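The values are calculated or read from the model by the stated rules, or taken from the named source; none is laboratory data. Everything numeric in this text was worked out from a predicted model, so none of it was measured. We place every Cβ from the backbone using ideal geometry, glycine too, and count neighbours over all the protein chains shown. Just the protein is used for accessible areas: all its heavy atoms, side chains included, with ligands, DNA and RNA removed. Shrake-Rupley method; radii C 1.70, N 1.55, O 1.52, S 1.80 Å.
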Amino acid sequence: MSDTHADSPRPTRPAIAWIGLGIMGSPMSENLVKAGYDVTGFTLEQDKLDRLAAAGGTAAGSIAEAVRDADVVITMVPASPQVEAIAYGPDGILENAKSGALLIDMSSITPRTSVDLAKAAKDKGIRVLDAPVSGGEAGAVEAVLSIMVGGEQADFDTAKPIFEALGRTIVLCGPHGSGQTVKAANQLIVAVNIQACAEAVVFLEKSGVDLTAALDVLNGGLAGSTVLTRKKDNFLNRDFKPGFRIDLHHKDMGIVTDAARNVGAALPVGAVVAQLVASLRAQGDGGLDHSALLRAVERLSGARL
Ligand code: NAD
């Protein structure tokens with residue numbers, strides 16, 4: 001018997017089902033195709049299914065068809081109700097995936113929903129990780145997302161090569177639901193940061209300072225942030241095409257507000273920003289990028305919209 005590895009077959013990559021091919025799910029699933037995985041996808045929009053097929057994946061006609069032969073099922077849908085809709089019921093993932101499959105939910109949802117899903121899946125022999133992400137559409141396209149994971153160490157180890165094709169900072173944060181708790185904190189920090197940047201933009205413009213120069217130098221100092229780097233052009237060009245929709249950030253501010261109340265943590269500044277996000281949405285801006293918080297500050301300051 002030879003002791004060289006020359007004849008050993010390459011380890012087979014798990015077959016992947018991807019449910020939810022939106023702003024994030026499309027580029028993320030395509031990165032897995034590029035990394036050599038077989039990806040079968042399902043989503044509600046036909047053009048997104050066509051896009052996956054054109055990228056080298058396989059378009060399925062239903063969740064059941066997508067997950068039937070999958071070793072790993074990844075979900076990336078808007079919120080808890082959609083995760084429950086695709087996971088449960090006769091047409092859902094738990095009824096139709098193989099026993100032994102690993103279900104990785106990368107949507108941003110309530111920690112409670114993730115814990116409940118892990119329990120329900122265990123009865124079917126399906127393992128679960130919550131693995132929400134941060135980094136936005138650009139982070140998804142560039143495969144540099146931060147991935148915050150909740151669940152068992154062994155399942156995390158199984159999923160690690162998949163995560164490495166999607167992101168750069170990949171951390172197991174604790175048991176089921178922990179990834180979502182960390183993501184809720186992430187959304188708090190991002191919203192407050194955008195709000196501070198938006199207030200600075202209005203202040204600088206009203207003061208007659210060159211905004212491009214000001215944001216450049218601010219971003220080089222302690223006030224600099226990934227938010228400012230990624231959203232600077234949105235502010236400068238009043239370009240609020242999503243990106244990350246206000247509707248979704250409103251959902252996330254609800255998650256963090258509720259989770260913080262449950263553990264007795266006060267979020268006074270977060271509460272104000274949550275109200276501003278809600279107000280923007282109530283005024284019809286829910287479909288805009290979250291950098292549109294600038295519009296809320298402009299309204300308050302009587303500045304240009
Ligand atoms: P999106 O609205 O662009 O996409 C959601 C996708 O889910 C859609 O393609 C839709 O067809 C699919 N979907 C919904 N219900 C479905 C069902 N029953 N069956 C199959 N598919 C279904 O949303 P997105 O911006 O890609 O966000 C997805 C998740 O990622 C959200 O939880 C969001 O909070 C989170 N997130 C988004 C960003 C961002 O910048 N967009 C960044 C980090 C995290």
Yes/no for Met76 being of a type outside the set (Ser, Thr, Tyr), within 18 Å of Asp38 (Cα to Cα), within 9 Å of the ligand (Cβ to nearest atom) and in the same structural domain as Ser29 (by TED's automatic domain parsing): yes
Failed item, numbered, when Leu44 is tested on (1) in a loop (DSSP other than H, G, I, E, B); (2) open to solvent by 50 Å² or more (accessible area, probe 1.4 Å); (3) more than 18 Å from Ser134 (Cα to Cα); (4) touching a helix residue (DSSP H, G or I) at 6+ places or on another chain (Cβ under 9 Å): (4)
Of the criteria (1) among the polar types (S, T, N, Q); (2) open to solvent by 30 Å² or more (accessible area, probe 1.4 Å); (3) within 15 Å of the ligand (Cβ to nearest atom), which one Gln153 fails: (3)
Number of the exception - Val209 against (1) surrounded by fewer than 22 Cβ atoms within 10 Å (Cβ to Cβ); (2) touching a residue at least 24 places away in the same chain (Cβ under 8 Å): (2)
Number of positions in segment 131-150 that are part of a loop (DSSP other than H, G, I, E, B) and open to solvent by less than 10 Å² (accessible area, probe 1.4 Å): 2
Test for Ala79: is it in contact (Cβ under 8 Å) with a residue 24 or more places away in the chain, among the small types (Gly, Ala, Ser), farther than 17 Å from Val182 by Cβ and surrounded by 21 or more Cβ atoms within 10 Å (Cβ to Cβ): no
Flag for Gly224 being exposed (fewer than 12 other Cβ atoms within 10 Å of the Cβ) and of a type in the set (Gly, Ala, Ser): no
Selection status of Asp289, open to solvent by 20 Å² or more (accessible area, probe 1.4 Å), touching a residue at least 40 places away in the same chain (Cβ under 8 Å) and closer than 17 Å to Ser108 by Cβ: no
Count of segment 235-267 residues which are assigned to a helix (DSSP H, G or I) and either open to solvent by less than 50 Å² (accessible area, probe 1.4 Å) or not hydrophobic (A, V, I, L, M, F, W, C) (or both): 20
Per-region count, segment 56-75, residues crowded, with 17+ Cβ neighbours inside 10 Å and part of a loop (DSSP other than H, G, I, E, B): 4
Residue in segment 129-147 that is under 23 Å from Gly89 (Cα atoms), of a type in the set (A, V, I, L, M, F, W, C) and away from the ligand (no atom under 14 Å from the Cβ) present: yes
